[in-house]
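The values are calculated or read from the model by the stated rules, or taken from the named source; none is laboratory data. These numbers were taken from a predicted model, which means no experiment stands behind them. When we count neighbours, we look across all protein chains shown, and the Cβ atoms used for this are built from the backbone with ideal geometry, even at glycine. Ligands, DNA and RNA are stripped out before the accessible areas are found, and what is left, the full protein with its side chains, is counted by its heavy atoms. Shrake-Rupley method; radii C 1.70, N 1.55, O 1.52, S 1.80 Å.
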Amino acid sequence: AMAVLRSLGSLLCLCALRLPAPPAGTGAAARGLDVASYRERVRAMFYHAYEHYLESAFPYDELRPLTCDGQDTWGSFSLTLIDALDTLLILGNVSEFQRVVNVLQEGVDFDIDVNASVFETNIRVVGGLLSAHLLSKKAGIEVEVGWPCSGPLLRMAEEAARKLLPAFQTPTGMPYGTVNLLHGVNPGETPVTCTAGIGTFIVEFATLSHLTGDPVFEDVARKALKALWKNRSDIGLVGNHIDVITAKWVAQDAGIGAGVDSYFEYLVKGAILLQDKELMSMFLEYNKAIKNYTKFDDWYLWVQMYKGTVSMPVFQSLEAYWPGLQSLIGDVDNAMRTFLNYYTVWKQFGGLPEFYNIPQGYTVDKREGYPLRPELIESAMYLYRATRDPTLLELGRDAVESIEKISKVDCGFATIKDLRDHRLDNRMESFFLAETVKYLYLLFDPDNFIHNDGSVFDVVITPYGECVLNAGGYVFNTEAHPIDPAALHCCRKRKEEQWEVEDLMREFYSLKKNKKFTLKRASDHGEGESAKDPEDASSEKGGEKRNSKKSSHSLLSCPSQSFNSRLAVLGQVFLDNA
């Protein structure tokens with residue numbers, strides 16, 4: 001396991017790097033795929049759905065595309081607007097991003113008597129607001145002094161997250177699935193929560209803690225993760241639903257799909273975001289058990305968590321995130337084989353049915369629908385970054401063609417109720433604009449800022465010194481909201497004396513503020529010059545002290561690379577020969 005972790009550290013460092021061009025004759029052009037054309041078709045898809053949401057459904061959560069009206073689904077937050085916000089910037093629409101930020105600040109209220117899903121509110125609302133907050137400066141918004149450690153969207157994200165904290169007040173530390181935003185957990189609320197609903201908080205909550213200086217969010221997320229780990233079976237598997245009061249497993253089916261999926265995803269992404277070897281070690285142990293008991297011919301089945309016997313020989317569409325996750329740990333060959341299995345299902349139906357019976361090769365009764373989910377497209381995007389295999393672009397092409405042909409209606413894109421006869425349902429989930437369209441666009445846009453290889457970055461000034469942002473390596477939450485990992489190292493717990501000299505620091509750095517640097521520009525500063533800057537020195541010293549508590553420079557840290565210029569690592573600028 002230690003050898004795997006060492007190699008993994010190197011692989012994670014490559015995640016944000018631009019890969020070399022594929023050999024001549026093997027790319028998409030060789031197969032006649034016009035990438036630019038499909039990119040523009042995806043852009044048109046977004047605006048067809050987005051504009052009809054604004055016209056017919058706002059301020060409701062979601063658009064009902066068959067009746068051209070709206071409905072509240074997850075808590076009355078204008079959810080589609082929050083979920084689509086960072087997609088606007090990825091598509092390059094700065095003006096609309098700015099307008100929507102103002103609309104959300106004025107119109108969204110979390111002090112409402114609504115029973116909300118703890119899981120969905122976190123990934124869609126908290127995640128969406130955090131991502132938009134960290135992208136605000138890139139979107140041309142005049143950020144307040146202290147950003148990214150302060151700002152209106154950050155305060156909104158924190159307010160929403162605090163509404164969820166009562167759910168974590170259980171004997172086990174595992175949260176209830178539902179909370180009332182005004183009154184907390186309702187008396188008589190069921191204590192049974194799915195595994196994903198317990199283990200899908202570390203990305204958003206750790207980001208909140210690092211930006212605000214309040215450790216409570218990361219603490220409750222870690223406690224919940226560790227409670228699941230503690231209650232795994234003797235053969236190393238977790239079930240589907242657990243009683244958060246007694247820690248007894250209620251549903252004992254183990255797999256990688258619905259009810260479990262993002263728990264595994266957040267162990268990997270939490271490890272990357274926080275450079276946390278404990279989280280990665282937990283995932284690698286799970287991965288061994290998953291391969292031993294659930295993997296058959298590059299498919300993953302459902303098994304009994306204590307015995308390992310097959311309980312459901314089905315593929316669920318939500319499982320299609322797994323090849324993308326495998327690519328993040330460097331297991332690209334296995335990822336491609338599984339992806340190709342899933343792609344055959346897409347080709348069979350023009351989409352992924354919710355459940356697919358593997359031995360029979362057909363849909364499962366009452367699970368024939370496709371609500372425009374993103375997971376297979378998500379995996380294609382990750383794998384294309386890793387391999388440049390044109391087959392992955394072909395999946396993107398097929399997705400655009402299928403969604404436009406089957407799902408497009410006058411007022412948006414409708415959920416496909418049945419892939420066999422293409423009947424539609426009157427719903428367009430917010431994840432269509434947050435995830436499906438975003439991953440499609442990024443698949444067809446290799447030069448998007450999200451794919452930044454670190455050659456361009458911003459240096460911003462906080463009350464704690466210089467901070468490097470927008471250098472790439474974004475970590476997507478499970479709703480496809482990108483988090484800049486460098487931002488987590490910009491903000492130390494606020495000390496009163498630091499804020500007293502804030503104005504002096506602003507004046508001192510006024511000539512450098514808001515400048516953009518490239519690797520060439522950064523390399524012009526010699527090591528000696530950097531050492532003479534007392535603010536930089538104190539920032540580096542403080543950063544080392546802060547990071548040492550959690551062994552940030554662990555086996556997951558990037559080894560010294562063969563670059564002769566500065567790189568942005570852990571939010572600091574350093575020389576590789578320092």
Residue list for the range 332-346, restricted to those being out of contact with any helix residue (DSSP H, G or I) (no Cβ under 7 Å at 6 or more places or on another chain) and either in contact (Cβ under 8 Å) with a residue 12 or more places away in the chain or surrounded by 17 or more Cβ atoms within 10 Å (Cβ to Cβ) (or both): 337, 340, 341, 345
Selection status of residue 17, modelled with pLDDT under 95 and under 20 Å from the mean Cα position of the chain (by Cα): yes
Failed condition for residue 66, given (1) part of a loop (DSSP other than H, G, I, E, B); (2) closer than 24 Å to residue 440 by Cβ; (3) without any contact (Cβ under 8 Å) to a residue 60 or more places away in the chain: (3)
Qualifying positions in the range 215-230 - crowded, with 23+ Cβ neighbours inside 10 Å and within 14 Å of residue 271 (Cβ to Cβ): 221, 225
Residue within the range 492-501 that is of a type in the set (D, E, K, R), modelled with pLDDT of 85 or more and under 19 Å from residue 206 (Cβ atoms) present: no
Given (1) surrounded by fewer than 16 Cβ atoms within 10 Å (Cβ to Cβ); (2) in contact with a strand residue (DSSP E or B) (Cβ under 6 Å, 6 or more places away or on another chain); (3) over 23 Å from residue 53 (Cβ atoms), number of the condition residue 447 does not satisfy: (2)
Boolean, residue 422 is on the phi > 0 side of the Ramachandran plot and not hydrophobic (A, V, I, L, M, F, W, C): yes
Pair list, Cβ < 7 Å and 6+ apart or interchain, from the range 153-182 residues that are among the charged types (D, E, K, R) to residues that are part of a helix (DSSP H, G or I): 158/208; 158/212
Long-range neighbours under 7 Å by Cβ, at least six apart or interchain, first residue under 11 Å from residue 81 (Cα atoms) within the range 91-113, second open to solvent by less than 30 Å² (accessible area, probe 1.4 Å) and at pLDDT below 95: 108/77
Residue that is nearest to residue 478 (Cα to Cα), among those in the range 239-291 that are in a helix (DSSP H, G or I) and among the acidic types (Asp, Glu): 265
Meets criteria (on the phi > 0 side of the Ramachandran plot and surrounded by fewer than 17 Cβ atoms within 10 Å (Cβ to Cβ)) for residue 188: yes
Failed criterion for residue 212 (all others in (1) more than 30 Å from residue 462 (Cα to Cα); (2) in contact with an Asp or Glu (Cβ under 9 Å, 6 or more places away or on another chain); (3) open to solvent by 20 Å² or more (accessible area, probe 1.4 Å); (4) of a type in the set (S, T, N, Q) hold): (1)
Of residues in the range 292-329 being open to solvent by 40 Å² or more (accessible area, probe 1.4 Å) and aliphatic (A, V, I, L, M), the one nearest to residue 380 (Cα to Cα): 312
Unmet requirement for residue 175, which otherwise passes all of (1) more than 24 Å from residue 327 (Cα to Cα); (2) open to solvent by 40 Å² or more (accessible area, probe 1.4 Å); (3) not in a strand (DSSP E or B): (2)
